[in-house]
Amino acid sequence: MAGRIAAGLMALFILLLPLVAAASPFLEGPGEEISADAENGQWIYRSQHLAILITRRSDDTPLVWYEAEVYASPEMPLHTYISEGTKKPGRRLVNPLRLARDNNVVLAISDDFCGYRLRRDLTAGIVIREGQVLSSKTFNRNKWRTWPNLDTLAVYPDGSMKTYPCDQLTAEEYLALGATNVFAFGPVLVSEGELNQRVLDADYYPYPEPRMAIGMIEPYHYMIVAVEGRKKTSVGAKPDWLARKMQQLGCVEALNLDGGGTAVMIFMGHVINRSEKSLRSINSLIGFGQSGQVQGK
């Protein structure tokens, strides 16, 4: 009986959270509220400076995906975590779960997997991590059908995000604008509230795959979608589905990040979108918040 009551209260909290968020999604005082209900597909984190609501969704395609709504803040903004141990930062590949746990990250997701391209001396795109340029070489936008086409998403100190075609700005121009992080993968899914029409082309990379996307609803208010794929219970999504989903969720800017075997979402030290045994080594993560309650260290 107590378990059913607790589950009912959790469901009520989930329903009311968007209403609470209209005033403030954060806790009024110090401390943390943490809930992880994998069975029902609901994960919650709240503190004075960070609020995260993750919900697992599904349809009859069959498709399973995770929607993570993130309320960050100037005190706890988006941060990136990069592997160490080489003379050239970002080239060493590490287990993403270990990287998230070692840094006590509340919510961590895979990013543009630029380390793969850097290690093989491939064109990596304009890549900046915490103000440091890792790569300044990119494609001409005429190669938009290339996968990835290296379109970018820049994160600025005011919590805003902006997407760009791959060659619109140089690394130096991003830094001059104040960008702290630039991710290069693509394609752009949503820009200034509008869908990228090229992504809607039925002939453009028409393959259902595991996907990862990040977007901005407004500064410090973000949406992340992680799609399961390559299995009977979830076939994966095409880029046009992902673009429409990000717009539907309210994003005015959104970028497709690396998917496939790289796509991972980690909450409080636990992988929630795939088996831990299937993790692919990566070079860096996008992270929100740090907590001493992260498990698995």
Exercise. Could you give the distance between the Cα centres of segment 241-297 and segment 59-76, to the whole Å?
Worked result: 9 Å
Problem set entry | Accessible surface of residue 61 - all protein chains present, 1.4 Å probe, nearest 10 Å² | 90 Å²
For this session: Find which of 132, 223, 207 sits farthest along the positive direction of the dipole of the chain, computed with +1 on the beta-carbon of Lys and Arg, -1 on that of Asp and Glu, about the Cα centre.
Result: 207
Seminar exercise, completed: From highest to lowest solvent-accessible area (probe 1.4 Å; ligands, DNA and RNA excluded), 238, 245, 162, 137 read 137, 238, 162, 245
Exercise. Quick one: ranking 39, 253 by accessible area, 1.4 Å probe, largest first, what do you get?
Worked result: 39, 253
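Can you tally the net charge around residue 230? Count Lys and Arg as +1, Asp and Glu as -1, for every other residue whose Cβ sits under 12 Å from the Cβ of residue 230.
+2
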For this session: May I ask for the angle, rounded to the nearest 10°, between helix 2-21 and the longest principal axis of the chain, with both axes built from Cα atoms and the value confined to 0 to 90°?
Result: 50 degrees
For this session: Measure off 7 Å from each Cα along the Cα-to-Cβ vector at residue 137 and residue 103, then give the distance between these two points in nanometres to one decimal.
Result: 2.6 nm
Seminar exercise, completed: Taking protein heavy atoms only, a 1.4 Å probe, and rounding to whole percent, the accessible area of segment 70-213 owed to carbon and sulfur comes out at 47 percent
Exercise. Leaving out ligands, DNA and RNA but keeping every protein chain, what accessible area does residue 228 have, in Å² rounded to the nearest 10, with a 1.4 Å probe?
Worked result: 20 Å²
Exercise. Helix 239-248 versus the longest principal axis of the chain: what angle, 0 to 90°, nearest 10, using Cα atoms?
Worked result: 50 degrees
Problem set entry | Solvent-accessible surface (1.4 angstrom probe) belonging to residue 144, in square angstrom, nearest 10 | 50 Å²
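For a quick check of your reading of the filter: which GluC sites (Glu not before Pro) in segment 139-198 sit in a DSSP loop and have no more than 11 other Cβ atoms within 10 Å?
192
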Seminar exercise, completed: Here the FRET efficiency for residue 203 versus residue 277, based on Cβ atoms and R0 = 35 Å and rounded to 0.05, is 0.50
Exercise. What does the helix-only formula give at 222 nm for the chain: each DSSP H stretch with n ≥ 4 adding -39500 (n - 2.57), the total divided by the residues, and the result rounded to the nearest 500 deg cm²/dmol?
Worked result: -5000 deg cm²/dmol
Exercise. Quick one: putting +1 on the C-beta of Lys and Arg, -1 on the C-beta of Asp and Glu, what dipole do you get for the chain around its Cα centre, in Debye to the nearest 20?
Worked result: 1260 debye
For this session: If a/c stays under 1.5 just call it rounded; otherwise compare a/b with b/c (prolate if a/b is bigger, oblate if not). Do that for segment 96-219, with a ≥ b ≥ c from the square roots of the Cα gyration tensor eigenvalues.
Result: rounded
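The values are calculated or read from the model by the stated rules, or taken from the named source; none is laboratory data. The structure displayed is predicted, hence computed values, not measured ones. Cβ: placed from backbone, ideal geometry, glycine included. Neighbour counts: every protein chain shown. To get the accessible areas, we keep the full protein, side chains included, count just its heavy atoms, and leave off ligands, DNA and RNA. Shrake-Rupley method; radii C 1.70, N 1.55, O 1.52, S 1.80 Å.
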